[in-house]
1. Relative to the longest principal axis of the C-alpha atoms of the chain, give the angle of the C-alpha long axis of helix 243-254, reported between 0 and 90° and rounded to the nearest 10°.
2. Convex hull volume of the Cα atoms in the chain, per residue, in Å³?
3. Can you check what the Kirkwood hydrodynamic radius comes to for the range 12-121, Cα pairs only, in Å to one decimal?
4. When we measure straight from the Cα of residue 84, which lysines land under 22 angstrom away, once same-chain ones fewer than 8 places off are left out?
5. Can you pull out the trypsin sites (Lys or Arg not before Pro) in the range 203-243 that DSSP calls coil and that have at most 14 other Cβ atoms within 10 Å?
6. Could you name the aspartates and glutamates in cross-link range of residue 153, using Cα to Cα under 17 Å and dropping any fewer than eight places away on the same chain?
7. Round to a whole angstrom and tell me the spacing of the C-alpha centers of the range 227-255 and the range 54-88.
8. Restricting to Cα pairs below 8 Å that are 6+ residues apart, what does the relative contact order work out to for the chain? Please round to a whole percent.
Amino acid sequence: MLDISTIELTRQEKSKDFFLPIESTKDLAYVCGVLAGDGNIHTRFDKHEYSVTCLGNQLDEREFYDKVLLDLFYKLFNSKIKNKLHERDNTYGFTLRSKSLVLFLTKIIGLPSGRKDNIKIPTIFLDSKEMMKSFIQGFADTDLCISLKRRYKNYQYYPVINGVSKSRILRDEIADFLESEGFSVSRFTHNYYDPRVKKKILKYEIAIYGHLQLVKWMQLIGFRHPKHLKKFQLWKERNKNNKRAFSALQELNSK
């Protein structure tokens, strides 16, 4: 059970029948993983500003925001998020202004407000494999991707799951858990110049290679993001005559 007794809903939140979860669920862990990826929690106490923003690429993430996240925020908080296009930076998503939600996510769950350079998996999810898998799934849906490489052929067929985080702690927590579940995980550190902040920054990459590893991912972690599920279908189509991939798929379908 989650102790939310210290959080008092505002009059406006009560009028909209907004509520906070009282139990830790896989959907809640998933949403927290999404926020660890694409989200930002903003607080400015002197101005009484509290908001949760989540933005993705408008070219290939509208369906994810309009279906997956919209349904989850309504289910978890009885909140109808309003997604919109931000033409200036070509992003799509929502900002939810709610003091109670911000306090819930920061004080009860343990997500940070502001910068995410040292973000880590919230403690309340660490002791449950199912919660860990759901959190990682949410993070993967926003900050990881499936790419298909040519490798030994003249078309893209070989799968790689990879992505980066500004937080080395988060990258390592995810990699450590995946390795404990039998994944072969590669870790890289990149130092590059970011023209937006005019300085070099570090990013920490996680990468998983190969047909068997992709199938194992779909067995244990999976995706909810439509673009990742479509890429998985494309991988299946391009590897229908690949004996190694076919064998792995047979095992997946038998589960």
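1. On a 0 to 90 degree scale, this one is about 50.
2. On the way: hull volume 38.5 nm³, N = 255.
Expressed per residue, the convex hull around the Cα atoms of the chain is 151 Å³.
3. On the way: mean 1/r = 0.0694 Å⁻¹.
Taking every pair of different Cα atoms in the range 12-121, averaging 1/r and inverting gives 14.4 Å.
4. 16, 67, 75, 99, 227
5. Details: sites: 203, 216, 224, 227, 230, 231, 236, 238, 240, 243; in loops: 224, 240.
Sites meeting the loop and neighbour criteria: 240.
6. The qualifying aspartates and glutamates are 237.
7. 29 Å
8. Details: 410 pairs, mean separation 45.5, N = 255.
Once divided by the residue count of the chain, the mean separation gives 18 percent.
We did not get these values from a lab; they are worked out from the coordinates using the rules stated. This one's a predicted model, so the numbers in the text were calculated from it and none came from an experiment. Note that we place each Cβ from the backbone using ideal geometry, even for glycine, and neighbour counts take in every protein chain shown.
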